[in-house]
Every structure is written in structure tokens, then in C-alpha cells.
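Report on the structure given below.
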Amino acid sequence: MDDSRVRKASDLLGALLSPEAAAKADTWSKFFSFWNRAAGENLAAHSRPVDLRNGIVFVEATHPGWIQLLQMRQTQILATIRRSFPDLEVSGIAFRLAKDPSLPGTAKMARPPEPIGAEGQRIDAVPEAASETPSVSETIGKVEDESFRSILSSLAETLGGAGDE
């Protein structure tokens, strides 16, 4: 393909839209690509801004744990966004769990099967052995995402293995 035919998206938008609309589209494009810097590389790898309405940035994350980590950094992220994009007048951030199955670690919305006994009848009571709570290290060991598992392990160490009795 001839390089003279390759155009930037902003050039195409400028040709199709009014200058004001093209400038606004360019700002939006820059904002969404800015997320990596605002949230930090590790958090941005597991989250993405999906909308901005009424001054609120809507961010989806691949796991509730990533949402918690984002919430802990919310003040800094918001300050970075406000400094870099004052025209967007961002006043807050709302987080939600991503439902896109193509994202790793996304919550599955499938309902667990009901327990059925040997006679084909539904089991209402969970046996006492099955109701025991797994240890913190067992729970952390089941986390598939390696970087998130590392963060949880570090947190458990900091808390002295709280709840790992």
C-alpha cells in the first residue's frame, strides 16, 4: 500500500466533522490512550475507561481486587486526569467489573449447579467438612492472575497471615 494513502484518524475526522467536533474527538482519543499513565502500567493492564458522562469517568476492571486497588489510588488518578484534561471537567471515577469474556480474569456470570445427592434429590445442607473456610494461602494460591496473586501474597505477609488459622 502506498504511504500517501495512509491517514491518521484525526485527519479523517477533521475532514468529516466541524473543527470543534474534531478537536473534541481528538481530546477523547488522547484521554482514553492516557489511561496507562494515569492509572499506572500495572493497574491499566487490568482496567480501562469505557465512558465519561456528566464528569464521571466509568472504568471497568477485570477483577474485584483490581477495583479495590484502583479505589485506593483514586485520588491520585483523578488529580492526574484533571491536570492533563481540564476541559473534560472530570469530577469523579466510578468502577465496575468488566463483563467482556475476552478479558482475562473477567467474572463469569454463570449460576453454579445445584448439589444433587446419590438418589437424584437436591441437597439442601452442606456437609460440615465442606463448609470449612479455606486458609488465606489456599485462597491466594487459586488466583490465576500471577501479578494479582503476588499483590495478595504481599498483603497477606504485611498483615501477618491474618485469617490463616
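All of the numbers you see were taken from the coordinates with simple rules; none came from a lab. As the structure is a prediction and not an experimental result, all values here were calculated from the model. Heads up, the Cβs are rebuilt from the backbone with ideal geometry, glycines too, and the neighbour counts pull from every protein chain shown.
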> Which cross-chain or sequence-distant (5 or more) residues have an amide H under 5 Å from the amide H of Ile93, H modelled 1.01 Å from N in plane?
Replying inline: Val57
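Starting with the highest mean, order 133-141, 58-66 by the number of other Cβ atoms within 10 Å, averaged over the residues of each peptide.
The peptides rank, most packed first, as 58-66, 133-141.
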